[in-house]
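Nothing in this text is a laboratory measurement; each read-out follows from the coordinates by a stated rule. No experiment lies behind these values; they were computed from the predicted model shown. Positions of Cβ are backbone-derived with ideal geometry, glycine not excepted, and every protein chain shown enters the neighbour counts.
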């Protein structure tokens, strides 16, 4: 039996899914460790495990379509996660990091819905069902992560603590805080002139 042809939109979409699912598997456990003892820890760990399962299932399914996620796509996802962890996260407060993490999983869930629609449009009920099942499995975790991000607002002092409490993290957070303060000052001056 030959390789089943995917539409180019599907091909690109599945490669993107490999990237962003790998990003969640690498980034979310590190974020969970930094958010330990908060309501965010469990959904972050659950999301990382679910994304790992998604990747395993995807690796078992896409080769029949001539599509593979290793080494390039998944390496890109791991590199994206490392950049977020090692650079972006150092500038963030706990609440900001968690809200951005929710967007990572929301991206994956939305992408699965898009890929489901593409597969069904092409008449591939098997692949459409696969995407639908994966999306339904991830949606409760996305909801739990969103709820945990919102719950951080119940403890405002903790919510604005730097995510990364290392020396580099405190310095980066201080720089971000200073830039934000300067921006607020400029906006206030501009607003007072009106």
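Order of 98, 139, 35 from fewest to most other C-beta atoms within 10 Å?
Ranked by crowding around the Cβ, least crowded first: 139, 35, 98.
With just the Cα atoms defining each centre, how far is segment 106-165 from segment 1-58? Give it in Å.
Between the Cα centres of segment 106-165 and segment 1-58 lies a distance of 10 Å.
For segment 103-150, just list the percent of Cα-Cα distances falling in each 10 Å bin from zero outward, please.
Each 10 Å bin holds this share of Cα pairs: 31, 44, 20, 6.
Would you please classify the overall shape of segment 8-163 from the alpha carbon gyration tensor, given that a ≥ b ≥ c denote the square roots of the eigenvalues, rounded means a/c under 1.5, and beyond that prolate means a/b larger than b/c while oblate covers the rest?
Numbers: a/c = 2.67, a/b = 1.85, b/c = 1.44.
Because a/c hits 1.5 or more and a/b exceeds b/c, segment 8-163 counts as prolate.
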